[in-house]
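A.B. asks: Let me begin by handing over the structure; questions about it come next.
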Amino acid sequence: MIEVLENLAYLYEVFWLKELFLTLQSIVVFVLVRWFISLKYRVVLLLFLSAFVGCACNSFGDMGYWNDNDTLKHIAPATLYLIIKEKDSEFNVALFAFLSPFFLLSCEFYGSFVFAIACILSHSIILLFIFLARNNIYLTIFISIIIGVLYSYIGDIAAPGMNDILVNAVLITLSLKWIDHYTKKSRYNFFLKNFWIVLCCFAYLGSWAFYPISGYYTDFIL
């Protein structure tokens, strides 16, 4: 097992090859989600798929093979698809089944009381700004970009997992969908569609955009 992981580490030093493999993996997750929602036991299958993806992202992230953009690659396309597919009048069970296990595995807000308070406060502030901007396309895109930048920036400068505690896109999505379900209105569908479009751009273009200024660039040339 150790030898296999070491071989993967050497393979993943080639940037474009790593991005190719990750893109293929995200396509596989997307295809599985599309297939599962057409089956009878779609909720159970999506729960298992979400848990598997969450465990993989945590494990490979802790070992340094996957970064934050790599994690987003695996869930952003499928999440956007489930949000777009949802009808205004229905409760999106498939979306919750796909995101809930992933959220519980990725956001370690239960690590301490301080983390839990920080998680609640930060996301309360974010939800307030989203409430003010939910029907404005420009503010929606601006807030989405800020959240994407903060997620990546906090992930680079803080302890592992702090970005998921302070700026968790999955928690934001689940919170907004619960608000819609409770109020019987689809107030945040517009925001969430644009939000995940922006996150897809971060997921697939972020690594390429920051790669020339990263330390990996120098190592690769040498």
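The values are calculated or read from the model by the stated rules, or taken from the named source; none is laboratory data. All values reported here derive from a predicted model rather than from experimental measurement. Because the Cβ atoms are built from the backbone with ideal geometry, glycine has one as well, and the counts that use them run over all protein chains shown.
A.B. asks: Just one of Phe113, Phe142 is over 17 Å from Thr71 (Cα atoms) and surrounded by 14 or more Cβ atoms within 10 Å (Cβ to Cβ); which is it?
C.D. replies: On the way: Phe113 fails: surrounded by 14 or more Cβ atoms within 10 Å (Cβ to Cβ).
Residue meeting the stated conditions: Phe142.
A.B. asks: Does Ala158 satisfy the condition of being surrounded by fewer than 21 Cβ atoms within 10 Å (Cβ to Cβ) and closer than 21 Å to Ala118 by Cβ? Talk me through it step by step, then tell me what you get.
C.D. replies: Values: surrounded by fewer than 21 Cβ atoms within 10 Å (Cβ to Cβ): yes; closer than 21 Å to Ala118 by Cβ: yes.
Here the answer is yes, as Ala158 does meet what is asked.
A.B. asks: Would it be correct to say that Val44 is at pLDDT 90 or above, surrounded by fewer than 14 Cβ atoms within 10 Å (Cβ to Cβ), part of a helix (DSSP H, G or I) and of a type outside the set (Ser, Thr, Tyr)?
C.D. replies: So Val44 fits the description; yes.
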